[in-house]
Amino acid sequence: MRRLADAGAMTYARSILAPPGSPGTYHCVSRCVRRAWLCGEDQGSGRSYEHRRQWVEDSIAALADIFAVAVWGYAVMSNHLHVVVEVIPQVAAAWSADEVAARWCRLYPRQNQEANARPEVLAGNACRIKVLRGRLGDLSWFMRRLAEPIARRANREREDGCKGHFWEARFNLETSVGRGRVCGYGVKAGKLARHAARRLERMQALLAGRNRA
């Protein structure tokens, strides 16, 4: 994972730009490999991949309600994806074990287990909850869960006649992004940014309530 930078500029490891457990706002870019199409229309073949845009938008909305994040904007391009996301791990730290377990089970549902039994068992495992709490407030896990289902679905449908890796192994990252710069990246804000602002207010209220308790 590397910082977005001009040619010849120094790059930095993810552990420096986005240390696990640290809050921050980031501009992330995931690119497709093998000249794969993420969305849009291939003028050469006449095939349209525009329906995939909805895949991405639905995934972003779902993940924003599970992770301790606020998504301030995004842009779905023909072969890459931009997301501006604020990671708020202190909110995940305030969740109860039951809440962590419930969110994780929403993220990784299992068809062969009773819906209520699995979160209850998981919540009773303090060591496991500690690990999952960290993941729910981690940028890399957010981007991983955004990318993986889209890649599997694209490969399963074989619309472009290819299979295998869909995304580049690493997503590019720019740190210290101010919320006011969201529109400067050309990402879609508006309704999503308003949702993020309301979500952030709720998170701050949760933290304030826990601090007073």
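Ordering 116-129, 56-69 by mean Cβ neighbour count within 10 Å, with the highest value first, yields 56-69, 116-129. With R₀ fixed at 45 Å, the C-beta to C-beta distance from ASN79 to ARG128 puts the FRET efficiency at about 0.75.
For trypsin sites (Lys or Arg not before Pro), the sites in region 32-86 that DSSP calls loop and that have at most 16 other Cβ atoms within 10 Å are ARG34, ARG35, ARG47. Placing a pseudo-label 7 Å from each Cα along the Cα-to-Cβ vector at ILE16 and ARG47 gives an inter-label distance of 4.1 nm.
Could you pull out which residues in region 118-137 have an amide N less than 11 Å from a spot 7 Å beyond the Cα of ARG144, following the Cα-Cβ vector? Only 132, 135-136 pass the distance filter. So, R0 is 22 Å and r is the distance between the beta-carbons of ARG106 and GLN54; what FRET efficiency does that work out to, to 0.05? That gives a FRET efficiency of 0.65.
Coordinate-derived values only; no laboratory data. Model, not experiment: these values are computed from the prediction. FYI the Cβ positions are ideal-geometry reconstructions off the backbone, even for glycines, and counts take in every protein chain you see.
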